[in-house]
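Below is one structure; the comments refer to it alone.
Each reported figure results from applying straightforward, stated rules to the coordinates on display, with no laboratory input. All of these numbers come straight from a predicted model, not from anything done at the bench. So basically every Cβ, Gly included, is an ideal-geometry build from the backbone, and we count neighbours across all protein chains shown.
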Amino acid sequence: MALNTQQLAQYEQNGFLVIEDFVSAAACDGLRHRAEELVAKFEPEGVKSIFTTREQTRTSDDYFLGSGDQIRFFFEEDAFDAEGNLRQSKDRSINKIGHALHDLDAVFDSFSRTPELAQLIADLNVTEPLLLQSMYIFKQPRIGGEVTCHQDATFLYTEPLSVTGLWFALEDATTENGCLWALPGGHRLGLKSRFVRAQGGGTSFEVFDQTPWSLDGLVPLEVRKGTLIILNSLLPHMSRANRSARSRHAYTLHVMASASHYPPDNWLRRSPEMPLRGFV
């Protein structure tokens, strides 16, 4: 599964690389089944944390900010009615699970730590990699929310930049059910902002460039189940709302180089009792 010269050149040029059939259909199904089990056990009473990228301060509740070393559940924006009740079943209302699945659940740990992934990250010259964050994303039928154009480095920042995103399609992803869209070469445009913990509590954006993203050059990354998409942390990418009758399940894993500095004002934090681990 080593990356060849052509693949490395494509990644360098575009800021992303699509690798079909990286994981088996059985592995995808196993992760989906485990996510379903976790949701079934989740009791949402008193917990109504909603994930959105369109008004980020709304995600800055304690439940969200304390999820760096936990397994926590976040709802779609349109999951609740005006009275605060779920419009449909719990399993059709969850937006994502995050952010330490890879360390706290055996099934996700096994999926996230394979020789193939370790080899791929080595080929990308990420030295002494640490697994930083994981998310299971449901992109629910009819109500799957839009993820606005962003760079991963905005939310997971290191000095120097070293974060690599790994996006696994657990179902076919199309323009109809909310596939990724990316801006080829956009990783050379520089970092626009950082999402940080604000002094005194909450979060804020530290803005370096207020120019809005030009969406004209975005291309859809329609991929089959089992595909892996590698994302440079500076690559502008997004996904549109899913209004189709089909879900678009995906799993994401972010990896950083251990030698990079991880600033303490990053929103994602862990307790000292649960340090980051690598692929072993």
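The table for this structure:
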read-out: Stokes-Einstein D for the chain, Kirkwood Rh over Cα pairs, 4 °C, 1.567 mPa s (µm²/s); value: 68
read-out: Sites Ala9 and Val280 - FRET efficiency at Förster radius 30 Å, r taken between beta-carbons, to 0.05; value: 0.55
read-out: Between region 179-257 and region 97-145, the Cα center-to-center distance that results, in Å; value: 16
read-out: Whichever lysines have a C-alpha closer than 23 Å to that of Lys225, once near sequence neighbours (fewer than 8 apart) are set aside; value: Lys96, Lys139
read-out: Within-15-Å neighbourhood charge of Ser244 [Cβ basis; K, R +1; D, E -1]; value: 0
read-out: Most mobile of Glu128, Glu116, Glu83 in a GNM of the chain (Cα contacts under 10 Å); value: Glu83
read-out: Theoretical FRET efficiency, 1/(1+(r/R0)^6), r = Cβ-Cβ of Thr211 and Thr148, R0 22 Å, to 0.05; value: 0.90
read-out: Farthest positive-ward along the chain dipole, Cα basis, beta-carbon charges - from His237, Gly66, Asn4; value: His237
read-out: Region 5-257 - percent relative contact order, Cα under 8 Å, separation 6 or more; value: 29
read-out: Charge sum, other residues only, whose C-beta stays under 10 Å from Asp78's C-beta, Lys/Arg counted +1 and Asp/Glu -1; value: -1
read-out: Gain in span if fully extended, Glu128 to Glu20, counting 0.36 nm per residue against the direct Cα distance; value: 36.3 nm
read-out: Approximate spin-label separation Arg269-Glu83, in nm, with each point projected 7 Å along Cα-to-Cβ; value: 3.9
read-out: Surrounding net charge for Pro115, when Lys and Arg each add one and Asp and Glu each subtract one, Cβ distance under 15 Å; value: -2
